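Please read the structure below before turning to the comments.
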Amino acid sequence: SSGLSLHLKGQLMHVNKDDLSLEVSYSDKLVRFLREVRQLTALGLEPPPSLQAHADLASRFYRHGVVLKQVAHFYNTIDTQIVRSQKPLLLEHAVRFEKLATEPQAQSVSGGAGDSKAITWSDPSQLE
């Protein structure tokens, strides 16, 4: 390893046990790293290929993280935005979404029965 680490491990999202809100978990170091690479590029400095490769990968994760944060915000605030009489209509969909968000599964490459695994930050193709 080149010593560079994006700290992209663990679950995509989890439910906060205190307030039951959905939280996206990705490192603030990722955002800081991307910002610093952009600043270097804006100054006219070309990052080394290995650093640029890490920046490209980090950018893919960052895009997905932003979308997931938007989804989590919507999920966390939907109860204040929806008409009370329509809540029962969304209950089944909300339960399925919560299960997907808290226990995400991706098919493994072999695609056989029972070949599922947790979706984590370790592979951006799982986020597609």
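The values are calculated or read from the model by the stated rules, or taken from the named source; none is laboratory data. Small disclaimer: the values here were computed from a predicted structure and weren't measured. To get the accessible areas, we keep the full protein, side chains included, count just its heavy atoms, and leave off ligands, DNA and RNA. Shrake-Rupley method; radii C 1.70, N 1.55, O 1.52, S 1.80 Å.
Here is how the numbers come out for the structure above:
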read-out	value
Residues that are more than 24 Å from the chain's Cα centre (by Cα) and of a type in the set (A, V, I, L, M, F, W, C), drawn from segment 33-72	LEU40, ALA42, LEU43, LEU45
Strands (runs of 3 or more DSSP E) wholly inside segment 16-128 containing at least 2 residues that are open to solvent by less than 70 Å² (accessible area, probe 1.4 Å) and modelled with pLDDT under 85	22-24, 116-118
